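No lab work stands behind these numbers, since they all come straight from the coordinates. A quick note: this is a predicted structure, and the numbers were derived from the prediction, not measured. All Cβ positions, even for glycine, are placed from backbone atoms using ideal geometry, and neighbour counts span all protein chains on display.
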Amino acid sequence: MILRKLMGCLAVVGGMSVPALAEEVTTFDLDNGMQVVVIEDHRAPVVTHMVWYKVGSADEPVGVSGVAHFLEHLLFKATDDLESGEFSATVAANGGSDNAFTSYDYTAYFQRVAADRLPLMMQMESDRMNNIRLTPDDIVTERDVVIEERNSRTENNANALAREQIRAAQYLNHRYGVPIIGWMHEIEELELEDTLAFYDLYYSPNNAILVVAGDVYPDEVRALAQEYYGVIPAEDNLPERIRPEEPPQRAERRMVYADPRVAQLYMTRSYLAPERDSGAQETAAALVYLAEVLGGSSFTSVLGNKLTFDQDIALYTGAGYGAQSLDDTTFGLTVVPAEGVSLQEAEDAMDQAIAEFMEEGVDEGQLTRIRAQLNAGEIYALDDSAGTARRYGAALTQGLTIEDVQAWPDVLQAVTAEDIMAAAVLVFDRKNAVTAWVVRDADEVVQ
């Protein structure tokens with residue numbers, strides 16, 4: 001079917017009204033169950049070709065954390081038709097770029113090339129969907145690469161280790177509490193059998209979404225997709241995507257994370273929060289506003305005003321919300337205390353500011369500014385066809401629909417002050433919270 005959306009709202013930028021751009025999306029399924037999404041953008045003769053697998057680190061079997069990310073690395077090795085490294089070399093030789101990424105909910109591979117190179121991209125990507133050729137040496141070599149990646153990005157980064165511990169405490173039962181890259185002791189034990197079992201089950205057309213955005217037409221993409229992907233058989237044993245659910249959380253968790261490499265002490269609190277749900281995105285939209293109201297700007301946010309300008313309590317304040325997630329996500333608050341302010345004083349000041357906000361409500365002037373900023377952001381995003389492809393691919397692998405993606409700007413614009421306060425009441429439950437102090441030495445913590 002063809003879905004067209006002309007966003008009716010206008011953004012006001014620099015005193016000028018900027019009309020939103022039309023977004024034309026075509027979607028269809030191949031006989032083997034692969035969903036195809038075509039996003040037309042004929043302004044330049046380029047195309048973004050993406051394959052999204054509806055499997056991420058949160059879908060991994062227990063005991064092999066990191067296998068989803070590990071497999072992403074290995075897909076740049078040899079296939080039946082390509083030698084190791086030949087995929088990326090071919091993309092570069094054709095003037096394009098390529099990469100891949102793994103999240104909790106998906107694994108995606110993409111190339112950005114001239115539009116007339118699309119058949120070649122489909123040929124190569126469909127080849128590695130079905131014909132990866134791994135050796136024991138590949139496993140040893142790439143496992144060492146991933147171990148070094150974890151060392152450089154996590155083990156050697158105090159804040160990354162702190163975030164990892166906070167997330168593990170936040171999720172009592174769900175696999176979102178396990179790092180995407182995996183725990184080091186399990187990465188070190190990943191074997192060829194683990195990887196091939198994961199690949200054979202999940203890297204299947206009926207578990208994949210093809211997104212093509214740029215200077216293309218739906219009929220052209222349909223013919224190419226049928227030629228290259230349509231011949232790959234579906235996986236009959238693909239399991240239903242059921243994950244462990246969080247039990248009722250009955251007590252706040254608190255921790256002090258100490259590491260001599262911490263450059264700046266800070267406190268942070270993470271609350272379990274609802275995600276964007278298909279056909280019911282209103283609460284998530286309100287939480288997007290709540291994060292902006294509380295911590296989106298150092299100059300106009302509630303925490304910025306109350307802790308930085310009204311009082312000399314904080315060097316930095318912030319709030320964040322991960323709206324897009326297949327399962328329950330988080331809403332976070334962070335305060336970096338000013339010189340001479342203890343973490344306890346910073347936390348108490350933050351709690352007092354939140355309590356006052358819950359009494360005072362949302363400032364209408366601030367709400368108007370945020371609404372205009374979000375509207376402008378949604379419109380500017382349409383200028384980037386690669387970003388648009390990523391937006392649709394991520395949404396579709398996380399339980400949303402094309403209609404949800406296209407409705408989102410209007411859902412955002414409809415948020416009221418009352419919606420924001422209702423969302424705040426819903427989320428600010430300390431039983432669902434992890435409060436962490438990140439310090440250099442636990443013995444030096446001043447209560």
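In terms of its C-alpha gyration tensor, the range 81-137 has an oblate overall shape, because the principal axis ratio a/c (a ≥ b ≥ c, square roots of the eigenvalues) is not below 1.5 and a/b does not outweigh b/c. Packing order of peptides 77-87, 200-210, 125-135, highest average first: 200-210, 125-135, 77-87 (average count of other Cβ atoms within 10 Å over each peptide's residues).
Relative to the longest principal axis of the Cα atoms of the chain, the long axis of helix 402-413 makes an angle of roughly 20 degrees. If you line up the long axis of helix 118-130 against the longest principal axis of the chain, both from Cα atoms, how many degrees apart are they, to the nearest 10? Orientation of helix 118-130: about 80 degrees from the principal axis. Using θ = phi - 60° in the Karplus curve 6.51 cos²θ - 1.76 cosθ + 1.60, the 3J(HN,Hα) couplings for the range 219-228 round to 5, 5, 5, 4, 5, 5, 4, 5, 5, 9 Hz; x is entered for Gly and Pro. Annotation: peptides 147-158, 35-46, ranked by per-residue average of other Cβ atoms within 10 Å with the highest first, follow the order 35-46, 147-158. With a cut-off of 13 Å, note down the residues of the range 388-404 whose backbone N falls inside the zone around a label point 7 Å from the Cα of Asp410 toward its beta carbon. Zone members listed by number: 403-404. Ordering of 232-239, 139-146, 178-185 by packing is 178-185, 139-146, 232-239, highest average first (other Cβ atoms within 10 Å, averaged per residue). What FRET efficiency, computed as 1/(1 + (r/R0)^6) with R0 = 41 Å and r the Cβ-Cβ distance, is obtained for Gln373 and Glu155, rounded to the nearest 0.05? Working from the Cβ atoms, E equals 0.65. The relative contact order of the chain comes to 21 percent, based on Cα pairs under 8 Å that sit 6 or more residues apart. Across the range 255-364, Cα pairs under 8 Å and at least six residues apart give a relative contact order of 30 percent. A DSSP coil position with no more than 16 other Cβ atoms inside 10 Å describes the following GluC sites (Glu not before Pro) in the range 307-403: Glu339. Classify the range 35-162 as rounded, prolate or oblate from the Cα gyration tensor: take a ≥ b ≥ c as the square roots of its eigenvalues, call it rounded if a/c is under 1.5, otherwise prolate when a/b beats b/c and oblate if not. Since a/c reaches 1.5 and a/b is larger than b/c, the shape of the range 35-162 is classed as prolate. Rounded, prolate or oblate: which fits the range 368-420 when a ≥ b ≥ c are the square roots of the eigenvalues of the alpha-carbon gyration tensor, with rounded for a/c under 1.5 and prolate only if a/b beats b/c? Taking the square roots of the gyration eigenvalues as a ≥ b ≥ c, the range 368-420 is oblate. Which residues does the label zone of Gln123 cover in the range 226-259, counting backbone N under 13 Å from a point 7 Å along Cα→Cβ? Answer for the range 226-259: 228. Across all Cα pairs in the chain, the calculated P(r) in 20 Å bins from zero up to the longest distance comes to 23, 52, 24, 1 percent per bin.
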